[in-house]
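Please read the structure below before turning to the comments.
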Amino acid sequence: MSDADCLFCKIVAEEVPAEVVHVTERTVAFRDINPQAPTHVLVVPRDHYPNAAALAAGDPVASAELVSAAAAIATAEGHEDYRLVFNTGAGVGQTVFHTHLHLLAGRSMTWPPG
Ligand code: 5GP
Ligand code: ZN
C-alpha cells in the first residue's frame with residue numbers, strides 16, 4: 001500500500017534518502033530534515049495511511065508499533081522525557097499526508113504547544 005506521489009512512501013521505499021535510525025516489521029523511523037529539538041525523529045508506517053486515526057482503524061498493530069518504536073528510540077538516545085505528536089489536518093500543521101509520529105526530545109518544552 002503506497003502512494004506514488006507521497007514523500008514518505010518514497011523514503012520507506014528508499015527512493016528518497018533519509019537518515020534512518022530505527023526499523024521494525026511495520027515501521028521506519030528517520031530524522032526530521034528540519035529538527036525542532038536535539039532529537040526529532042519521524043516514525044512512519046511502511047504502508048500509506050493519511051493520518052493517525054486512519055492508521056489506527058486500518059492497522060492497529062502498526063499504530064501501536066509507532067509508539068513502541070518511538071519509545072525505543074528515545075531510550076536509545078538517552079531521553080527519559082520526550083514528546084510524541086501526531087498533527088492531523090493542515091489547520092494544525094500537517095504538511096505530509098502519510099501518518100507520522102513526531103518524537104521530540106532533548107530540550108525543555110512548554111505546554112500548551114503553539
Ligand atoms: P507535519 O508538519 O506534516 O506534522 O510534519 C512533516 C515533517 O516532515 C516536518 O517536520 C518536516 O520538517 C519533515 N520533512 C519534510 N520533508 C522532509 C524530507 O524530505 N525528509 C525528512 N527527513 N523530513 C522531512
Ligand atoms: Zn505515503
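The values are calculated or read from the model by the stated rules, or taken from the named source; none is laboratory data. All values derive from a computational prediction rather than experimental measurement. Neighbour counts are summed over all protein chains in view; Cβ atoms, including those assigned to glycine, are modelled from backbone coordinates with ideal geometry. For the accessible areas, the whole protein counts, side chains as well, though only heavy atoms, and no ligand, DNA or RNA atoms are used. Shrake-Rupley method; radii C 1.70, N 1.55, O 1.52, S 1.80 Å.
Here is a list: Ala90, Ala57. Which entry is modelled with pLDDT of 95 or more, away from ligand 2 (no atom under 15 Å from the Cβ), open to solvent by 40 Å² or more (accessible area, probe 1.4 Å) and within 22 Å of Met1 (Cα to Cα)? Break it down into steps so the answer makes sense when it comes.
Details: Ala90 fails: within 22 Å of Met1 (Cα to Cα).
Answer to the selection: Ala57.
Of everything in the range 85-114, what is part of a strand (DSSP E or B) and under 19 Å from Val20 (Cβ atoms)? Give them in sequence order. Hits for the range 85-114 are Leu101, His102, Leu103, Leu104, Ala105. For the criterion of being in contact with a Cys (Cβ under 9 Å, 6 or more places away or on another chain), in contact (Cβ under 8 Å) with a residue 12 or more places away in the chain and surrounded by 19 or more Cβ atoms within 10 Å (Cβ to Cβ), Phe8 fails. Against the numbered list (1) within 16 Å of ligand 2 (Cβ to nearest atom); (2) free of Cβ contacts under 8 Å to residues at least 24 places away in the same chain, Thr110 comes up short only at (1).
Scan the range 68-80 and tell me whether some residue there is in contact with a Lys or Arg (Cβ under 6 Å, 6 or more places away or on another chain) and within 19 Å of Val12 (Cβ to Cβ). Lay out the reasoning, then the answer.
So in the range 68-80, the residues in contact with a Lys or Arg (Cβ under 6 Å, 6 or more places away or on another chain) come out as none.
No, because not a single residue in the range 68-80 is in contact with a Lys or Arg (Cβ under 6 Å, 6 or more places away or on another chain) and within 19 Å of Val12 (Cβ to Cβ).
Taking the stated definitions as given, is Ala71 at pLDDT below 95 and either open to solvent by less than 30 Å² (accessible area, probe 1.4 Å) or of a type in the set (A, V, I, L, M, F, W, C) (or both)? When the stated conditions are applied, Ala71 does not pass them. Within the range 1-28, can you find the residues that are within 11 Å of ligand 1 (Cβ to nearest atom) and of a type outside the set (A, V, I, L, M, F, W, C)? Passing the criteria: Lys10, Pro17, Glu19. Selection of the range 56-99 for residues being more than 13 Å from the chain's Cα centre (by Cα), touching a residue at least 40 places away in the same chain (Cβ under 8 Å) and within 23 Å of Thr110 (Cβ to Cβ) yields His79, Tyr82.
(1) without any contact (Cβ under 8 Å) to a residue 12 or more places away in the chain; (2) open to solvent by 80 Å² or more (accessible area, probe 1.4 Å): which one isn't true of Pro38, the others all being true? Among (1) without any contact (Cβ under 8 Å) to a residue 12 or more places away in the chain; (2) open to solvent by 80 Å² or more (accessible area, probe 1.4 Å), Pro38 violates only (1). For the range 9-63, the set of residues classified as of a type in the set (Lys, Arg) and farther than 17 Å from Val96 by Cβ consists of Arg26 only.
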